[in-house]
Amino acid sequence: MSSSDPRELTVVHVMRHGEVENPSGVLYGRLPGYHLSELGRRMAERVADHLADRDVTHVVASPLERAQETAEPIAKAHGLQVASDARLLEAENIFQGKPFGVGDGALRHPGNWRHLRNPFRPSWGEPYVDQVVRMRAALDAARAAAAGHEAVCVSHQLPIWTLRSHVERRRLWHDPRKRQCSLASLTSFTFHGEEIVAISYSEPARDLLPGRQGFGA
């Protein structure tokens, strides 16, 4: 089928990056300088092996190092260069750069509690609807770039889960512990022409997950 055929099938795999080297345990968000750990590199290689026989013609990633490094072995396996798309960036978060937790993190300080006043928007970071708009635009751009074939977009957990929730017509606010988007996972969107007709989820590096936690990790 030609690239202009409205009946063609295109698959866009939206991948979460691998494990990050983060010894200080901060919420790194959009901060530069956070690279994959050795385990994270193994995760990326595992997914590259998993996709090696697929018809991948386009690989694109968030500009952040951890996403670019995750995409590299996948692109290499298909003789491609990694493109960059800022629409795939991590969500903005007011707690970026801080340890985040109830016991010894940012939530310990009452002055930060005001940022938690509205979980539906959310008040501590980029609005869910804004994430949906940019992620859907990135998804459609990847679909167009790989029309009739397959694409891989490497992004981050919250934007991926927000995109999937929107497409599956679920509410956007949620319990972060229940996100189905583990490290190095694939949320795959199948398009019939420009219409999404199926969504699937897989964890090619499941056995490498810390504690082997898949759902919600």
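For the range 174-186, the criterion of being assigned to a strand (DSSP E or B) and either surrounded by 11 or more Cβ atoms within 10 Å (Cβ to Cβ) or of a type outside the set (Gly, Ala, Ser) (or both) is met by at least one residue.
A search for C-beta distances below 6 Å between a residue of the range 146-167 that is at negative phi and any residue that is of a type in the set (Lys, Arg) and buried (at least 24 other Cβ atoms within 10 Å of the Cβ), counting only pairs 6+ apart in sequence or on different chains, returns GLN157/ARG16; ILE160/ARG16. Evaluating ALA151 against the criteria (1) in a helix (DSSP H, G or I); (2) surrounded by 24 or more Cβ atoms within 10 Å (Cβ to Cβ) leaves one unmet condition, (1).
Screening ALA52, ALA48, ALA91 for residues that are surrounded by fewer than 16 Cβ atoms within 10 Å (Cβ to Cβ), among the aliphatic types (A, V, I, L, M) and either in a loop (DSSP other than H, G, I, E, B) or without any contact (Cβ under 8 Å) to a residue 40 or more places away in the chain (or both) leaves exactly one candidate, ALA52.
Taken over the range 22-34, the criterion of being surrounded by fewer than 16 Cβ atoms within 10 Å (Cβ to Cβ) and touching a helix residue (DSSP H, G or I) at 6+ places or on another chain (Cβ under 8 Å) is satisfied by PRO32, GLY33.
Scanning the range 55-77 for residues that are surrounded by 19 or more Cβ atoms within 10 Å (Cβ to Cβ) and in a loop (DSSP other than H, G, I, E, B) turns up SER62, LEU64. The set of residues in the range 31-45 that are assigned to a loop (DSSP other than H, G, I, E, B) and of a type in the set (A, V, I, L, M) contains only LEU31. In the range 141-148, is there at least one residue being under 24 Å from ASP55 (Cα atoms), part of a helix (DSSP H, G or I), open to solvent by less than 20 Å² (accessible area, probe 1.4 Å) and at pLDDT 95 or above? Yes, that holds for at least one residue. Of the residues contained in the range 122-133, one or more are found to be surrounded by fewer than 19 Cβ atoms within 10 Å (Cβ to Cβ), within 14 Å of the chain's Cα centre (by Cα) and not in a loop (DSSP other than H, G, I, E, B).
Cβ-Cβ contacts under 9 Å between residues 6 or more apart (or on different chains), taken from a first residue in the range 179-201 that is more than 13 Å from ARG164 (Cα to Cα) and touching a residue at least 12 places away in the same chain (Cβ under 8 Å) to a second residue that is exposed (fewer than 14 other Cβ atoms within 10 Å of the Cβ) and among the β-branched types (Val, Ile, Thr), are listed as PHE191/VAL197.
The values are calculated or read from the model by the stated rules, or taken from the named source; none is laboratory data. Since this is a predicted model, take the numbers as computed values, not measurements. Every residue, glycine among them, receives a Cβ derived from its backbone with ideal geometry; neighbour counts consider all protein chains shown. Surface accessibility is based on the protein's heavy atoms, side chains included, excluding ligands, DNA and RNA. Shrake-Rupley method; radii C 1.70, N 1.55, O 1.52, S 1.80 Å.
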